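This report concerns only the one structure given below.
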Amino acid sequence: ERRMGGVLVRDMVLGEGQIVKPGRKVSILYEGAFPSGEVFDKNFNRKSPLSFRQGTGEVIKGLEKGMDGMKAGGERIITIPPDLGYGKRGSGKAIPPNSTLVFHVRLLSVGGA
């Protein structure tokens, strides 16, 4: 485990593909849970992964910070403190205010800028 930009990162599988960099489009499968293990969101459907452009604020800051430098094919657990997650607002009924979040991420692909 290591700290990276305020998040805790643990590599489960080191990828060998393209590297995640700001501006690149990434496609991931993920599970989002609380430290207790209770899952609040997940997408492991390879046919419709979550895709977003890294570093543009389309997802929470902690997820972007935790994915920096990750390589396609990799798998990583990212523990995100509230200030890099949904903070004092929380997110609807699923995520209470001031929640620490744990994302298990599989990086399927990294596209061009």
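The values are calculated or read from the model by the stated rules, or taken from the named source; none is laboratory data. Everything quoted here is computed from the prediction, not taken from an experiment. Here the Cβ positions follow ideal geometry from the backbone for every residue, glycine too, while neighbour counts run over all protein chains shown. Surface areas here come from the heavy atoms of the whole protein model, side chains and all, with no ligands, DNA or RNA. Shrake-Rupley method; radii C 1.70, N 1.55, O 1.52, S 1.80 Å.
Residues ALA72, ALA113, ALA33, ALA94: which one is at pLDDT 95 or above, over 16 Å from VAL13 (Cα atoms) and of a type outside the set (Val, Ile, Thr)?
Details: ALA72 fails: over 16 Å from VAL13 (Cα atoms); ALA113 fails: at pLDDT 95 or above; ALA94 fails: at pLDDT 95 or above.
Being at pLDDT 95 or above, over 16 Å from VAL13 (Cα atoms) and of a type outside the set (Val, Ile, Thr) holds for just one of ALA72, ALA113, ALA33, ALA94, which is ALA33.
Within the range 15-50, track down each residue that is open to solvent by less than 50 Å² (accessible area, probe 1.4 Å) and of a type in the set (Ser, Thr, Tyr).
SER27, TYR30, listed by residue number.
All but one of (1) closer than 12 Å to VAL7 by Cβ; (2) open to solvent by 20 Å² or more (accessible area, probe 1.4 Å) hold for HIS104, so report the exception by its number.
HIS104 satisfies every listed condition except (1).
Hey, among MET67, MET12, which residue is at pLDDT 95 or above, exposed (fewer than 15 other Cβ atoms within 10 Å of the Cβ) and not β-branched (Val, Ile, Thr)?
MET12
Give the number of residues within the range 58-87 that are closer than 15 Å to VAL20 by Cβ and either of a type in the set (Val, Ile, Thr) or in contact with an Asp or Glu (Cβ under 9 Å, 6 or more places away or on another chain) (or both).
13
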